[in-house]
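Written out below as structure tokens is the structure these notes cover.
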Amino acid sequence: MNHAAESSPVSQNVADSAAWVCPLCAEIVGAQGTPGFQGNPGPSDSKDLYGSRVCAACAGRFTDRRWMAFMLDMVVLGYAWLLVDVVIQVAKGDLHAISHILPLNLLLAPLGMIGLPCWPITLAGSFNLRGRVDFAQTLLVLATFACVLLKDGFRGQSPGKHWLGLRVVDRETLRPTSLGGSMKRNLALLMPFFLGYIAVGLTLRRRGRFGEKWAGTVVIEDRFRDNPVFTGGRRRCRACSYDLTGNVSGRCPECGEDVYRMVRG
């Protein structure tokens, strides 16, 4: 019997030197006849993600999720700002201003946080013509700074990252980043007049966007948290962060955790 004649078209495509399998979605990429084929098989269908070769669809989806998570964070922060501002105006007894401005602010609050890098102008507005400082407004700006800096420090997830299945982890231990790591990686977002936004956007697909190298962090997708694309080829115990690379016993030698149970979980 001629077994070579029975090989499937899929096997032939994978065997083709131009075809390869995406490590995230397991789709065959660069083979003629596949959905991602663009007429020039191989590199044209792949993108670099954290130094690994993945299909263009997976790379684009990951980048889109990161941008969407950031926008959701800004929406949440914008409405939080509005709520606190309303409380401040009520405490001042300025109910007339609230009734006139609130409807418009309900629509513009999310957009207001996108303009966060213009904070020098906002702070300047807290000084009146007589040189007196609006302490409530100043404290509100400082509280916003704290929220932006620390937003990823709660189990590695801001509200936007939680909703979209992303997490910020330590580059070495692969455990959720701390409040200190969150502060370091997000400090760039407070660079005035959108300089930080531009720097972050240009380096988003690298293994550590602008600010993350200093913080020692990296963003991963929770559902692919054990994938070599995000772990750099390493395996670590989720309980104690012990390096499990090469482990064949199925149990962490450091804490005794069941490795297979962690993978299934």
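General remarks:
- Restricting the stretch 170-191 to residues that are among the basic types (Lys, Arg) and touching a helix residue (DSSP H, G or I) at 6+ places or on another chain (Cβ under 9 Å), the residue that is surrounded by the fewest Cβ atoms within 10 Å (Cβ to Cβ): ARG171
- Subset of the stretch 173-204 (residues that are touching a residue at least 60 places away in the same chain (Cβ under 8 Å), under 19 Å from SER158 (Cα atoms) and not small (Gly, Ala, Ser)): LEU174, ARG175, LEU189, LEU190, TYR197, LEU204
- Residue in the stretch 228-237 that is on the phi > 0 side of the Ramachandran plot and among the basic types (Lys, Arg) present: no
- Any hit, the stretch 70-85, residues being at pLDDT below 85, outside the structural domain of HIS162 (by TED's automatic domain parsing) and of a type in the set (Phe, Trp, Tyr): no
- For the stretch 130-180, the candidate set comprises residues that are of a type in the set (Phe, Trp, Tyr) and outside any loop (DSSP other than H, G, I, E, B); within that set, the residue that is nearest to ARG65 (Cα to Cα) is TRP163.
- Of residues in the stretch 198-211 being under 14 Å from the mean Cα position of the chain (by Cα) and assigned to a helix (DSSP H, G or I), the one farthest from TRP119 (Cα to Cα): GLY201
- Whichever residue in the stretch 192-213 is at pLDDT 75 or above and of a type in the set (D, E, K, R) and, among such residues, is surrounded by the fewest Cβ atoms within 10 Å (Cβ to Cβ): LYS213
Residue-by-condition table, conditions (1) at pLDDT 80 or above; (2) in contact with a strand residue (DSSP E or B) (Cβ under 7 Å, 6 or more places away or on another chain); (3) surrounded by fewer than 15 Cβ atoms within 10 Å (Cβ to Cβ):
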{"position": "ALA97", "(1), (2), (3)": "no, no, yes"}
{"position": "ALA109", "(1), (2), (3)": "no, no, no"}
{"position": "ILE114", "(1), (2), (3)": "no, no, no"}
{"position": "ILE121", "(1), (2), (3)": "no, no, yes"}
{"position": "LEU129", "(1), (2), (3)": "no, no, yes"}
{"position": "PHE135", "(1), (2), (3)": "no, no, yes"}
{"position": "GLY160", "(1), (2), (3)": "yes, no, no"}
{"position": "GLY165", "(1), (2), (3)": "yes, yes, no"}
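- Considering the stretch 214-239, the residues that are more than 21 Å from LYS151 (Cα to Cα) and among the aromatic types (Phe, Trp, Tyr) include one that is modelled with the lowest pLDDT, namely PHE230.
The values are calculated or read from the model by the stated rules, or taken from the named source; none is laboratory data. This is a predicted model, so every value here is computed, not measured. All Cβ positions, glycine included, derive from the backbone under ideal geometry; neighbour counts span all protein chains shown.
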